[in-house]
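Asks: The structure follows.
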Amino acid sequence: MCMLSIVIPVYNGSATIRDLVNALKALDIPGGHEIILVDDGSQDNSAQACQALVQSISEIPICFIQLAKNFGEHNAVMAGLHRAKGDYVITMDDDFQNPPKEVPRLLESALSSKKDVIYTYDFRAGHGMARRIGSRFANVTADILLNKPRGLYLSSFRCMKRFVVNEVVKYSGPHPYIDGIILDVTQSVSAIEVENPARVHGKSNYTMTRLFSLWLSIVMNHSLVPLRVGLFVGAALSVSSMVLMAVALVRSMFWNDAIVGWEAVLLVVMLMSGVQILLTGIVGEYIGRIYQIAGSRPQYVVAEAIDNGCR
């Protein structure tokens, strides 16, 4: 056991991972720390770089987990959390936008605040427009659906107590959303502001497609709100249609004023068809995820795991 485990999901991070690990290795953490690298099916030579680090570092425990393919950031983090042994666990990105020098301060905040989870934030971060919009949208969605403390920014640079990690790794579904699982476990969360410099190598791996997939995980994995909205919309449309039918009947009986016009009929049909297709899609997404869970679709698959023998 050690005081701190640092879990880093790696995806096409060969340009930064060596310097990042060397900076983390040099940190003075009372009680000791370990580093866990999880390669999430990188297309560059990140795996070779991580293996070389394991073979060359002997000062602290370091572990490398190679996933069989790209499963996604949250799945990769789950693989690392299963391996982590520290009393506290910090997760961070592989691109230096989470500065290593902030790790001791994040741990100290967790120790002194007595909170179960400490997040970090810095709204001056140099992300692209699409990433900023997507991240903010995901956080607003979490505000509504996850009973998240208002204003809390859900960052991938976070520190968790051991008991929170133990509960998080119990989740076995194929589409984990770490922050949603955390908020299911505890509401004792806080945040500190940290430096978050601009990316120095490459570009963000989060495309709009990935952000949409993350949004779906937030919506579908941890909330029944979409189904309840669908129920409300269906009920509202049913009541409205009955009222309109009654109005049309009264006008026809007493004023001989029948409603005519194919345009109106077409608009109503299009509206009802669109709503039905949307609600069918929502129900289908829930059923599909249930099917994947029932079929034991893996959360991740480990192709190889090595460490430097310092455990």
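Throughout, read-outs are computed from the coordinates displayed, never taken from laboratory work. Nothing here was measured: the structure is a model prediction, and the numbers come from that model. Don't worry about glycine lacking a Cβ; one is built from the backbone with ideal geometry, like all the others, and counts go over all protein chains shown.
Asks: Can you give the local net charge around residue 100? Use residues other than it whose beta-carbon is closer than 14 angstrom to its beta-carbon, Lys and Arg +1, Asp and Glu -1.
Replies: -3
Asks: If you don't mind, another one. Using Cα pairs under 8 angstrom and six or more residues apart, how large is the relative contact order of segment 1-107, in percent?
Replies: Worked out over segment 1-107, it gives 42 percent.
Asks: Do any of 25/101; 69/101; 101/161; 25/85; 85/114; 25/148 go past 22 Å between their Cα atoms, and which?
Replies: Violating the 22 Å Cα-Cα cut-off are 69/101; 25/148.
Asks: Give me the one-decimal nm value for the distance between modelled label points at residue 114 and residue 18, 7 Å along each residue's Cα-to-Cβ direction.
Replies: Between residue 114 and residue 18, the simple spin-label model gives 4.6 nm.
Asks: Right, another one. Just subtract the alpha-carbon distance of residue 170 and residue 225 from 0.36 nm times their residue separation and send over the number in nm, one decimal.
Replies: 17.4 nm
Asks: Another question about this same structure. Find, among the trypsin sites (Lys or Arg not before Pro) in segment 1-81, those assigned to loop by DSSP (not H, G, I, E, B) with at most 10 other beta-carbon atoms within 10 angstrom.
Replies: Of the trypsin sites (Lys or Arg not before Pro), the ones in loops of segment 1-81 whose Cβ has at most 10 other Cβ atoms within 10 Å are 69.
Asks: Still on this model: Once you list every other residue whose beta carbon is under 11 Å from the beta carbon of residue 188, what net charge do they have if Lys and Arg are +1 and Asp and Glu are -1?
Replies: With Lys, Arg at +1 and Asp, Glu at -1, the net is +2.
Asks: A follow-up question, please. Could you calculate the contour length gain from residue 59 to residue 153, that is, 0.36 nm times the residue separation minus the distance between their Cα atoms, to one decimal place in nm?
Replies: Gain in length upon complete extension: 30.4 nm.
Asks: Each residue of segment 46-52 in turn: what ³J(HN,Hα) in whole Hz from Karplus with 6.51, -1.76, 1.60 and θ = phi - 60°, glycine and Pro shown as x?
Replies: Running phi through 6.51 cos²θ - 1.76 cosθ + 1.60 with θ = phi - 60° gives 4, 4, 5, 5, 5, 4, 5 Hz.
Asks: Distance from a point 7 Å along Cα→Cβ of residue 48 to each backbone N in segment 60-104: keep the residues under 20 Å and list them by number.
Replies: Those under the cut-off are 64-70.
Asks: To continue, here is another question. Around residue 279, under 13 Å between beta carbons, what's the net of Lys plus Arg minus Asp minus Glu among the other residues?
Replies: 0
Asks: Separate question: In nanometres, what is the gap between the two model label sites at residue 297 and residue 277, each 7 Å from Cα along Cα-to-Cβ?
Replies: Label-label distance for residue 297 and residue 277, simple model: 2.3 nm.
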